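The values are calculated or read from the model by the stated rules, or taken from the named source; none is laboratory data. None of the values given here were measured: they were computed from a predicted structure. Here the Cβ positions follow ideal geometry from the backbone for every residue, glycine too, while neighbour counts run over all protein chains shown. When the accessible area is computed, the model is the full protein with side chains, heavy atoms only, and any ligands, DNA or RNA have been set aside. Shrake-Rupley method; radii C 1.70, N 1.55, O 1.52, S 1.80 Å.
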Amino acid sequence: MNQETAAPEAPLENFFRNFSVRLSPTPRGARLARLLTAEQLRSWELPLDPARQIVGELAANAVTHGRVPGRDFRLTVYVIADTLRIEVTDTCGDRRPCPQPPSTDAESGRGLALVEALADRWGWGPGLRPRKTVWAEIDVSPEPDSPCSGGTSALSKEP
């Protein structure tokens, strides 16, 4: 007797997709985080921005403020239903992330303010010592009759 077992197909809105990678805590690692995220979002047929910008800011913060020599940071990007979640985990859990208004002549210091403006939700949480994870979520909802193709128009940002 020959039997085949097939898993029932889940509706697209219940589909879970994820991507996770450890990267060196260097500017090159932060750049690679942004590039890998863009490629992953393309493969999932999701819009690149603002997710790519958020990853760039969180990864830059991880390598600038959360860097411990010899310890990598982790980028995790996943989609559950209509939410894209980005997590960046570094190994400097004693430094709490908090946005600060930069002075007008400052060349840096705007990263978390940008994340706050671009994400629908963001926050942070402690991990296993000595780690912390900074996360951001974006509500992703495709426009009717328009498949996502790496553009920017398929994200909803509700007031």
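Consider region 33-89 and keep the residues that are of a type in the set (Gly, Ala, Ser) and open to solvent by 40 Å² or more (accessible area, probe 1.4 Å). The one that is farthest from Arg121 (Cα to Cα) is Gly70. Reported count of residues in region 84-102, each being touching a residue at least 60 places away in the same chain (Cβ under 8 Å) and out of contact with any strand residue (DSSP E or B) (no Cβ under 8 Å at 6 or more places or on another chain), is 0.
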